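The structure under discussion appears below in the form of structure tokens.
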There are 2 protein chains.
Amino acid sequence: MAAYREASESQAQLLEALVEAGHLIPSGVPGVYGRGSDYEAVRLAFDAYVTRAALAAGETPEVLRFPPVLPRRQIEDLGYLENFPHLAGSVFAFEGSEGQARAMAEVAGQHGDWSEHQHPSDLCLTPAVCYPVYPAVARRGTLPAGGVTIDPGASYAFRHEPSGDPARLQMFHMRELVRIAEPETVQTWRDSWRDRALALLVDLGLDARFDVANDPFFGRAGRMMAASQRDQALKFEILVDITDPEPTAIASFNYHQDHFSGLYGIETADGGTAHTACLGFGHERIVLALLKTHGLDVAAWPGEVRSLLWDSVG
Amino acid sequence: MAAYREASESQAQLLEALVEAGHLIPSGVPGVYGRGSDYEAVRLAFDAYVTRAALAAGETPEVLRFPPVLPRRQIEDLGYLENFPHLAGSVFAFEGSEGQARAMAEVAGQHGDWSEHQHPSDLCLTPAVCYPVYPAVARRGTLPAGGVTIDPGASYAFRHEPSGDPARLQMFHMRELVRIAEPETVQTWRDSWRDRALALLVDLGLDARFDVANDPFFGRAGRMMAASQRDQALKFEILVDITDPEPTAIASFNYHQDHFSGLYGIETADGGTAHTACLGFGHERIVLALLKTHGLDVAAWPGEVRSLLWDSVG
């Protein structure tokens, strides 16, 4: 078992209330929940709200979609296991005879350990929604002038961090946008979205603010990576207070410099190495923040919030 | 490596054309693709088309959504490994020290076998979109009179069957509807949806027909299971011809009798054991059938097809 993070008292209370109200449906595994219809309706409405904001800002990102698994080889190429070995999920499967299959099923039927019958497949769970975007763009060759903006949508991301905190899921939707272009273009885009996203979330009544942040790098070497990332202000997060003892990050804005473009060989129209940035809205956390702020009865939310989410379509 | 199914010549040609047109984006692993914007737009339009058909038929299914992972324990309880050991995917993760993490990352960096550093988590990939529905409904206690209809949406399902056939994906969207009620109610519902779904697909210009079918049970014992399922007409599929050498199943209609309701103890209002049925539309396969039938340029599809998918909203 990976280290299970106990819920704080306020986290446990919120989870209980969410289950009671039908917003979350326990699966039996911490951090893995079904979602009720109101929860899902808010989530989809928020997604469309972000899409409208991009259009209003004059952006017409290209829609690409990717499944929640990606090649094991890509996880290896990205060095993901150097930085986040504790969060990765890899997919194992059966390859064997009928006799071995019977042996596996028998152990499984007794809820024993059938892992010896499972072998690594070519797949891992997708840990970040933007990861498949970079090789997909690289396949096309040199970028067009001005680069590209990709909308990989609100796909699933997996992080192996079982927790009793309803805001810390193992499988969740991250709505991303990705910019791949000249370095200055990418930095300006990242900063303008940080400010736009903050306004979008504050408009929905959330007491949100942004701060410099770092990724959850593993171990002692990871602490240095985190400090360097903060020094260079490569990552910002938008924070809200949902439960004690800490604020919850509900969106992040990440400047990768040439980390991905160097690996996949993405060049700008004038032959330079492209830079990349992405932003991610944590869907489930944002719905949680809205439920905590405006109450568990979505129909009784303030008119202006409902109006921004549902009435301003078109 | 699990047995890789080579593409037939027509399958390989279709895959190449789909990639060339930007509809599918290769990941490097067979059966795992990104999707272009037109492909995704058709997929979402088809999903809404099914939702409107349900409403038009007087159904108001309850929306519940589940992630693409479920508890390992549920796979064990369902006996999934007895019937489909070859299709299951289980999630492994790292639990170890900083030294072990470094060793794993080093092997991974050389594209070696780092599986010894991965341990079974509590999760498996969801093999069928309806599986999480049954325990979720069971938690609520006795069914209301008339039972329930659940819409678990077009969630992801995983099947470990790498193939060069673009219609055989490892991770794909299955749009399901689930009926849980008295036996006769459930059977009537299943048959009415089989007929309704066929009409919906024929209206879109597909040369579709239905036939009795069976699940891909494993091994010799599986052949008897399959024969019994066919004898009892528990499963129907809707078939279209996409590529040689076989027709492709694009939808299925499944009567489970008390398989799930017995396991989870779901009772009808009058105290009997409920029966269950589900239907599933294979999203990616249906988009593929439409692209094969009407051409790879979605903008040039027949007006009546585009109109059914996009203009009949509301």
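Data for the structure
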{"read-out": "Relative contact order of region A:2-148, pairs being alpha-carbon contacts under 8 Å that are 6 or more residues apart, as %", "value": "20 percent"}
{"read-out": "Three-way shape label, chain B, alpha-carbon gyration tensor, a/c 1.5", "value": "oblate"}
{"read-out": "Gyration tensor verdict on the protein assembly as shown (Cα atoms; rounded if a/c is under 1.5, prolate if a/b is larger than b/c, oblate otherwise)", "value": "rounded"}
{"read-out": "Computed magnitude of the charge dipole of chain A (debye, nearest 20; Cβ of K, R +1, Cβ of D, E -1)", "value": "360 debye"}
{"read-out": "Cα centroid of region B:166-229 to Cα centroid of region A:1-68, whole Å", "value": "30 Å"}
{"read-out": "Chain A: Cys lacking any partner C-beta under 4.7 angstrom", "value": "A:Cys124"}
{"read-out": "Prolate/oblate/rounded label for region A:197-314 (Cα gyration tensor, a/c 1.5)", "value": "oblate"}
{"read-out": "Set of lysines near B:Lys235 by C-alpha distance (under 19 Å), chain-local residues within fewer than 8 positions excluded", "value": "none"}
{"read-out": "Length-normalised contact order for chain A - Cα pairs under 8 Å, 6+ apart - percent", "value": "21 percent"}
{"read-out": "Area of B:Arg306 that stays accessible when all protein chains are in place (1.4 Å probe, Å², to 10)", "value": "80 Å²"}
{"read-out": "Candidates B:Ala12, B:Ala48, B:Ala56: whichever shows maximal mean-square fluctuation once chain B is modelled as a Gaussian network with Cα springs under 10 Å", "value": "B:Ala56"}
{"read-out": "Residue-averaged beta-carbon neighbours from other chains (10 angstrom radius) around A:157-164", "value": "3"}
{"read-out": "Size of charge dipole - region B:86-163 - debye, nearest 20, with Cβ of Lys, Arg +1 and Asp, Glu -1, no other charges", "value": "480 debye"}
{"read-out": "Region A:17-170, dipole about Cα centre (Lys/Arg Cβ +1, Asp/Glu Cβ -1), debye to the nearest 20", "value": "440 debye"}
{"read-out": "Which of B:Thr126, A:Thr51 is most accessible, then next, and so on - probe 1.4 Å", "value": "A:Thr51, B:Thr126"}
{"read-out": "Accessible surface of A:Glu304 - all protein chains present, 1.4 Å probe, nearest 10 Å²", "value": "130 Å²"}
{"read-out": "Per-residue average of Cβ from other chains inside 10 Å of B:216-225", "value": "2"}
{"read-out": "B:Lys292 accessible area, 1.4 Å probe, all protein chains in place, Å² to nearest 10", "value": "100 Å²"}
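The values are calculated or read from the model by the stated rules, or taken from the named source; none is laboratory data. Because the structure is a prediction, the values reported are computed rather than measured. Positions of Cβ are backbone-derived with ideal geometry, glycine not excepted, and every protein chain shown enters the neighbour counts. Note: areas computed on protein heavy atoms with side chains; ligands, DNA, RNA excluded. Shrake-Rupley method; radii C 1.70, N 1.55, O 1.52, S 1.80 Å.
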